[in-house]
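First comes the structure, then the notes that go with it.
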Amino acid sequence: MKLSSLSILIPTYNNARSIERALGEALDVGKQLARRWRVVVVNDGSTGQTARILRKYRSHAHIEVKTHKKNQGYGATIGELYHYGASSEWIFTVPGDYQVGASELKKLLPFTDRADIIIGWRKNRHDPPFRLLETAIYNSILRALYGVRVHDVNSVKLIRSRIMREITLSSTSAFVDAQLVIGAGRGGWRIKEVPIAHRSDPNKGSGGTVHTVISTLIDMVRGIRT
């Protein structure tokens, strides 16, 4: 089975140890699983070698590289990527840290006839204990406040792009993923979770900053335009 068109979206920030592997796998998967496909990368103001690595791909036929001069954060970056991907029938998100590889799309693809958002559930996560606790609390609050019945709202997603024309993603914090799922559920779009593989971060990232956590909590409590 091949998708008619696919945009693989990759946000990256200081992922020099992993971005080439993430890109290479995304290119292979796009070729295998879609008739028309592209990879869109947003470099969110990386300060290390990530920008130098990405410059090598600027003329690649299937890769588009966008660059933020200053770091804008995950929420603003993924929201921008959702906009870029809307021209394809399907959108698939992949992290630049390569904790989830693009090949996990193969596990989600069989459900495109019965779901409009297929979320990759990182059931056995290889993250530090504090990050796991942080995520568990966040998802529990989302269930309590909004009835979000998924385990892993911030994970990779295969999304039918028509959804983006019906939902306004106004959050610029990490709440944007929850806003997407909440809006899709209220709009009657079908949502499914599928277990996927997860690996530890080769870039040794420490998780969300205090600013990221606070801004996400503020948006969540306010229920920003959901």
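The values are calculated or read from the model by the stated rules, or taken from the named source; none is laboratory data. On a predicted model such as this, the values are computed, not experimentally measured, just so you know. Glycine also receives a Cβ, built like all others from the backbone with ideal geometry; neighbour counts cover every protein chain displayed. Calculation scope for accessible area: heavy atoms of the full protein, side chains included, ligands and nucleic acids excluded. Shrake-Rupley method; radii C 1.70, N 1.55, O 1.52, S 1.80 Å.
Quick look at the numbers
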item: Those residues of the stretch 163-190 which are open to solvent by less than 30 Å² (accessible area, probe 1.4 Å), β-branched (Val, Ile, Thr) and closer than 18 Å to Ile218 by Cα, in sequence order; result: Val176, Val181, Ile182
item: Boolean, Lys31 is more than 22 Å from Gly79 (Cα to Cα), surrounded by fewer than 15 Cβ atoms within 10 Å (Cβ to Cβ) and at pLDDT 95 or above; result: yes
item: Filter result (at pLDDT below 90 and hydrophobic (A, V, I, L, M, F, W, C)) within the stretch 77-129; result: Ala86
item: Filter result (aliphatic (A, V, I, L, M) and at pLDDT 90 or above) within the stretch 168-181; result: Val176, Ala178, Leu180, Val181
item: Selection count, the stretch 1-57, where residues are at positive phi and without any contact (Cβ under 8 Å) to a residue 60 or more places away in the chain; result: 1
item: In the stretch 148-162, the residues that are out of contact with any strand residue (DSSP E or B) (no Cβ under 7 Å at 6 or more places or on another chain) and either outside any loop (DSSP other than H, G, I, E, B) or surrounded by 14 or more Cβ atoms within 10 Å (Cβ to Cβ) (or both); result: Val148, Val153, Asn154, Arg162
item: Those strands (runs of 3 or more DSSP E) lying entirely in the stretch 46-147 with at least 3 residues open to solvent by 40 Å² or more (accessible area, probe 1.4 Å) and out of contact with any Leu (no Cβ under 8 Å at 6 or more places or on another chain); result: none
item: Top-ranked residue of the stretch 34-43 - restricted to ones that are open to solvent by 10 Å² or more (accessible area, probe 1.4 Å) and in contact with a helix residue (DSSP H, G or I) (Cβ under 8 Å, 6 or more places away or on another chain), ranked as farthest from Asn203 (Cα to Cα); result: Trp37
item: Qualifying positions in the stretch 16-28 - outside any helix (DSSP H, G or I) and open to solvent by less than 30 Å² (accessible area, probe 1.4 Å); result: Ser18
item: Output for the stretch 1-15, where each listed residue is of a type in the set (Ser, Thr, Tyr) and open to solvent by less than 40 Å² (accessible area, probe 1.4 Å); result: Ser5, Ser7, Thr12
item: Search result, residues across the stretch 172-199 that are out of contact with any strand residue (DSSP E or B) (no Cβ under 6 Å at 6 or more places or on another chain) and assigned to a loop (DSSP other than H, G, I, E, B); result: Thr172, Ser173, Ala174, Phe175, Gly187, Gly188, Trp189, Arg190, Ala197, His198, Arg199
item: Every residue from the stretch 141-157 that is free of Cβ contacts under 8 Å to residues at least 12 places away in the same chain and of a type in the set (Lys, Arg); result: Arg143, Arg149
